[in-house]
Amino acid sequence: MMQTDRLWTLLGRKLAGEASPEELAELEDLLKVHPEAHLSIQAVTETWDEPLPAEDQEATQAYERLAHRLKDLGFGFREEEGPQELYLPATRPLRRRNKVVLVGVLAITVLAVAIWWVSPARSSADRSGREASAVKSSVSTRYGSRSRVDLPDGSVVWLNAGSTLTYDPQFGVTNREVRLSGEGYFKVVHNENKPFLIHTSVMDIRDLGTQFNVKCYPDDRTTETSLVEGSVEITVRRRGERYTLKPNQKLVLLNEAIGADSGRAAPGKAPSKDDEPIMAIRSLTYKADDTVAVETAWAYNRLSFADERFSEVTKKLSRWFNREFAFSNHSLEDERLTGSFPPQTTLEQAMEALKYGYRFNYEIRGEKVIIY
Amino acid sequence: MGHQDIPELQRRIAIYEDEIAYRDLFFLLYAPLKRFAQTFLKSPEISEEVVADVFVEIWTRRARLLEIEDLKMYLYISVRNGALRRMQQARRQPVLSLDEISVELISGDSTPEEALLTSELRLRIEQAVNELPPRCKLIYKLAKEDRLKYREISRLLHIQIKTIDHQLATAVKKIAHAVQFRLKKKTDQI
C-alpha cells in the first residue's frame, strides 16, 4: 500500500512536469512490479493530456468588449476583430520606439481598417478529386485587403492588396514552386533538396534560406525583389542572367512596356532622377529611427514610401485603400513623396498629412480621388 | 502560440505597443484566467470583468510592462486579487477559503481513435474528478488545465509545495482507482 501511494505521488509529479530523472526511473521500476496499475495509469495520463476545447468564440466576444472599453478610456485602440496576422517579427535590433515619420506633424486618430481574411480558394473540381492533379490552388487579395498564406511546407507568405499567389496541388510533395502576381513577403523554410521557387512574369527567384519581399504588380514601373535575411538567387528571364542578393539589397528591374512608355513621354528631357536604369541592385531604404525597410513596411501593416514619384505613390494608395486615383494636374505626377503611416490610418488622414507636406489639393468623390 | 511565447508578446507590447501581440496574449490566457476567476466568483459575467480589468491595466501600463518578471504569474495573481476584491464588495468572505470554492473542470476534446478512453470510462473519470474535495480539485485543475508548476500554484494559493504534491497524488490516485474499479467490474462480468 505504501508502495502504491508512492506510485501515485510519482505519477502526479510526472504529469505536472515536476518529476526528476531519478523519480521517473523510480516510477518505471514501480510499474514493473505493479502491472495491474498499467491501464489505470494510461487512462489518467490520457485524460491529463487531452487537448482542451478551444474557446475562441467566447474570447473573441470578450476581446471586442475589452477593445471597446479601451477605446472609451481614450486609447487609440482598434475594435476590429478577425485574424490580424500581418505582423512580422523585427529582424534588426530596435534602437528606439517607432514614431510616425511624416513630413509635418499630424495627430492621427486611429480607426479601424478592415482586413479581409482570404482563405485559399479551392475549386470544386479539386474537391471532387477527378481533376485534382491539374487544378492549382490560388489565393487572391482584393484591393484594400491583405492576407497571410500558410503553405504546407511551413513557409509563410504575406500577400499585399491586389495580389495572387498560385501553387500546385503537389506543392511540398514533388516541388515547391509558386507563381506570384502583385506583392508578397516570403518567409521560406529552407530545404536543401527542394528549392523554393517563385515565378513572376519577368524574373524567377530561388530561395537559399530566407526572408524577402517580391513586388511584381503588372501596372507598376518596376519589379523588385528585396532581401531582408538569408540569400536568394534571381534569374532575370529576358536577360538570361543570374544574380545573388545579400541581405538588405534589392534587385530592381524596369518593366519593359511601361519603361518604353515613359521614355516616349519625355522627349528631349535631360536625364533626371526618374530615368531609372533597366536593372539595378540597390540597398533597401531605411528611414531614421526605423528598423523596418520601406520596401517591407506593408507587411507590418504600415503604408510607407520614400522619395517615390507621386504617380507610383497613388498606385500604392489605390491598392491600400481600394480607391481609384486620378491626376487632373499632371505636373504633380513627377513630384517625389515620402511618408509613413501607422496601421489603421484612414485615406482621409493620409491625404491630409501628404497635403500638409506637399503642395497639392485633392477631392474624394465616392470611390475616386482626384489630385490637382 | 503557446505559453512559452508570453515573454516575446510582453516585449512586443512594451516596446512596439503592438496591439496584435496584446490580442494574442489575451487569446492565450483569457479562457484559463476567466475560469480561475470563476472558481471564486461563480458569475461568468463578473469573472469576465475581473479578467478585463487586469488586461486594461496591462495596456495602460504597457510602457512599463518589461518590469514584470513573470507576466503569466502576474496575470493570475492580479485576477486572484481582483476576484477577492469583488467578493469583498459583495460582502462575502474576503479571505481565500479553498474549501468554499466551486471548481469546474472542462472536459477535453474526445478523439474517437482512442481505444482506451471509452465514453463510459470518461464519464467515470469525470465523476471521480468532481468528487474530489475543492482544494484538491483546484490543484488538479491548475496543474492539468493551466499547466502551472508547483511553485506557481504555491504562490497563487499560498499553500506549501508539499501540500500540492500530496493533493495531486491524492487526485491521481482517486481517478486511477475509479478506472481500475470499472475495469475490474468489467472483467468480473466476463
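Read-outs: derived from the displayed coordinates by stated rules, not from any lab. Since this is a predicted model, take the numbers as computed values, not measurements. Backbone-built Cβ (ideal geometry, glycine too); neighbour counts: all protein chains shown.
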Once every Cα of segment A:293-372 carries one equal point scatterer and solvent is ignored, give the base-10 log of I(q)/I(0) from the Debye formula at q = 0.11, 0.14, 0.17, 0.23 Å⁻¹, two decimals.
-> -0.25, -0.41, -0.61, -1.17
When Cβ neighbours within 10 Å are restricted to other protein chains, what is their mean count per residue of peptide A:28-36?
-> 0
Cα shape, segment B:8-83, gyration tensor, a/c 1.5 rule | prolate
If amide H atoms are built 1.01 Å from N in the plane of the peptide, which residues on other chains or at least 5 residues away come under 5 Å of the amide H of A:M279?
-> A:L254
5 angstrom amide H check on A:T210, placed H, neighbours 5+ away = A:V188, A:H190
Between B:E45 and A:D153, what is the label-to-label distance in nm when each label sits 7 Å out along the Cα-to-Cβ direction?
-> 5.4
Descending packing, highest mean Cβ count within 10 Å first, for A:326-339, A:227-240 is A:227-240, A:326-339
With 0.36 nm assigned to each residue of separation and the Cα-Cα distance removed, A:R142 to A:T235 gains 30.6 nm
Distance in nm between B:E120 and A:S328 label points, each 7 Å along Cα→Cβ, equals 8.2
Highest average packing first - B:77-90, B:163-176, Cβ atoms within 10 Å = B:163-176, B:77-90
Could you rank the peptides A:340-350, B:25-35 by their average count of other C-beta atoms within 10 Å per residue, with the highest value first?
-> B:25-35, A:340-350
Spin-label model distance (nm) - A:D5 vs B:I161, 7 Å beyond Cα toward Cβ | 2.2
How crowded by other chains is A:58-68, given as the mean number of beta carbons from other chains within 10 Å of each beta carbon?
-> 5
How large is ³J(HN,Hα) for each residue in segment A:174-186, as worked out from phi by the Karplus curve 6.51 cos²θ - 1.76 cosθ + 1.60 (θ = phi - 60°), to whole Hz, x for Gly and Pro?
-> 9, 8, 9, 10, 10, 10, 10, 10, x, 9, x, 9, 10
Residue mean of other protein chain beta carbons inside 10 Å, A:208-216 = 0
Residues A:L31 and B:Q127, FRET efficiency given R0 of 22 Å [Cβ-Cβ distance, rounded to 0.05] | 0.30
Could you sort out which of A:K194/A:K287; A:K187/A:K250; A:K71/A:K316; A:K71/B:K144; A:K32/B:K174; B:K72/B:K141 sit more than 27 Å apart by Cα distance in this structure?
-> A:K194/A:K287; A:K71/A:K316; A:K71/B:K144
May I ask you to compute the full-extension gain from A:L208 to A:E348, defined as 0.36 nm times their residue separation minus their alpha-carbon distance, rounded to one decimal in nm?
-> 46.2 nm
